[in-house]
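The values are calculated or read from the model by the stated rules, or taken from the named source; none is laboratory data. Keep in mind it's a predicted model, so treat the numbers as computed, not measured. Because the Cβ atoms are built from the backbone with ideal geometry, glycine has one as well, and the counts that use them run over all protein chains shown. Heads up: the accessible areas ignore ligands, DNA and RNA and are worked out on the full protein's heavy atoms, side chains in. Shrake-Rupley method; radii C 1.70, N 1.55, O 1.52, S 1.80 Å.
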Amino acid sequence: MLKKDLIVVGSGILGLATAFLAHREGRTVHVIDRSARPVGSSIQNFGHVCFTGQADVIQEVAMKSREGWLQAAAATGLWAAETGTYVPAMTETELQVLREFGEHRGEGEVTGLSAGEISAALANPDLGAVGGAHLPLDMRVNPREAAPAIARWLAGQGVRFTWNTQVTAVADGVVDTVRGQYSAAEVVVCPGYQLGSLFPGLADDNNVRICSLVMSLIDKPTRIPTGFAMLTGTSLARYDGFAAMPGVPELRRELSQREPELVDCVANLMVTDIPEGLLIGDSHAYDLSPEPFLDEQVAALLLDRSTALLGIDRPVVRQRWLGQYADSGETNLVLEHPDDRTTVAVVTSGIGMTLSFGIARLILDGEKVNF
């Protein structure tokens, strides 16, 4: 059967995952992006592919995404650590949520840890946790490497890239740009938080906005293992899989009393590593047109709480920045077909890296899932 050619608009991780899978199917692929290289949401995040913490309904997609990440790593040589995620429980309430989640998902997805075991895993003998868990299926990639590496590999395999080219309209297989017009049998548009510039109706219908994140990079002590990833109690209250557990309402009440500053900045306190150091964050602020200013008090709060868990007394900050991604309070995924030859796909929560290859599979197979 003749393979249809494909244009992908957007070189974020979702667009590149779609291009990667389509290329492996033997399709002719052309990627168009307004920037000169991947510089958006896909390089600004933790690189934490947190499959386990996602909702039950999306686990099949998450596992397909895990398979896609492993395929991409094998093909391109990008770093992908299958080291899992550690979650310290600093209170009995947090530990109860982890126990509930472990009973719900089973030993293959959640391994309970004693206070001593989680302290050793975080390389902090003074941690003071009451227990914890390890999520063995989670992975780590370097967000500063992953999307650029996939793009380079695809280009080397004959995938066409048109960089530094703004797309102005897409319809019926035709892509209008500032440099001319292109056409293909099918077009997949992955514009991220720029959705409104091409499909304002879809952006309005789904109340798509921009989420801004305060993040930082610090030096990593040599005692912290490579491939390290840590979630915390705030993560248990945020990610849909954990948040479905019966103990979470009590956890949220506890967090509002114990850590009101973290709750006020909508924190998902977590740490992951890349070769350059430890990535620390993050807070969440929502706006249609966010201001560019980074709140130093929020950055200091996240730094203080995270380094305390890791026993780092004097963190050396190398970089701070505001990450941004598309967000919606109504859905985690916009996946629509404005016409028979056009698919629009935007992950409207902070799980784009995690689910990228799984959602790319949905796009190419013409399927849809609500979560």
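I'd like to know if region 268-286 contains one or more residues that are more than 24 Å from P136 (Cβ to Cβ), touching a His at 6+ places or on another chain (Cβ under 7 Å) and open to solvent by less than 60 Å² (accessible area, probe 1.4 Å). No: region 268-286 contains no residue that is more than 24 Å from P136 (Cβ to Cβ), touching a His at 6+ places or on another chain (Cβ under 7 Å) and open to solvent by less than 60 Å² (accessible area, probe 1.4 Å). Each residue in region 177-193 was checked for being within 25 Å of V347 (Cβ to Cβ) and outside any loop (DSSP other than H, G, I, E, B), and 8 pass. For region 328-342, filtered to residues that are surrounded by 17 or more Cβ atoms within 10 Å (Cβ to Cβ) and over 20 Å from N207 (Cβ atoms), the residue that is nearest to the chain's Cα centre (by Cα) is T342.
Selection within region 18-41: residues that are part of a helix (DSSP H, G or I) and more than 14 Å from E186 (Cα to Cα). The member of this set that is least open to solvent (accessible area, probe 1.4 Å) is F20. Residue pairs whose Cβ atoms lie under 8 Å apart, sitting 6 or more positions apart in sequence or on different chains, and linking a residue in region 205-222 that is over 17 Å from S349 (Cβ atoms) to a partner that is in a loop (DSSP other than H, G, I, E, B) and of a type in the set (G, A, S), are V214/S283; P221/A123.
Residue under question is E60, and the condition is that it be open to solvent by 60 Å² or more (accessible area, probe 1.4 Å), closer than 22 Å to K368 by Cβ and at pLDDT 95 or above; does it hold? Taking the combined requirement at face value, the residue satisfies it. Restricted to region 89-105, and to residues there that are over 13 Å from E254 (Cα atoms) and acidic (D, E), the residue that is surrounded by the fewest Cβ atoms within 10 Å (Cβ to Cβ) is E103.
Conditions tested, residue by residue: (1) in contact (Cβ under 8 Å) with a residue 60 or more places away in the chain; (2) closer than 26 Å to Q194 by Cβ.
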site	(1), (2)
L16	yes, yes
A22	yes, yes
G26	no, no
E100	yes, no
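For region 112-122, the count of residues that are closer than 23 Å to S306 by Cβ, polar (S, T, N, Q) and crowded, with 19+ Cβ neighbours inside 10 Å is nonzero. For region 42-57, does any single residue satisfy the condition of being open to solvent by 20 Å² or more (accessible area, probe 1.4 Å), over 30 Å from R258 (Cβ atoms) and at pLDDT 95 or above? Yes, there is a match, as at least one residue in region 42-57 is open to solvent by 20 Å² or more (accessible area, probe 1.4 Å), over 30 Å from R258 (Cβ atoms) and at pLDDT 95 or above.
Filtering region 202-213 for residues that are in a helix (DSSP H, G or I), open to solvent by 20 Å² or more (accessible area, probe 1.4 Å) and either of a type in the set (A, V, I, L, M) or under 28 Å from K4 (Cα atoms) (or both) leaves a non-empty set. Entry remark, region 127-158: residues being open to solvent by 10 Å² or more (accessible area, probe 1.4 Å) and of a type in the set (V, I, T) number 1 in total.
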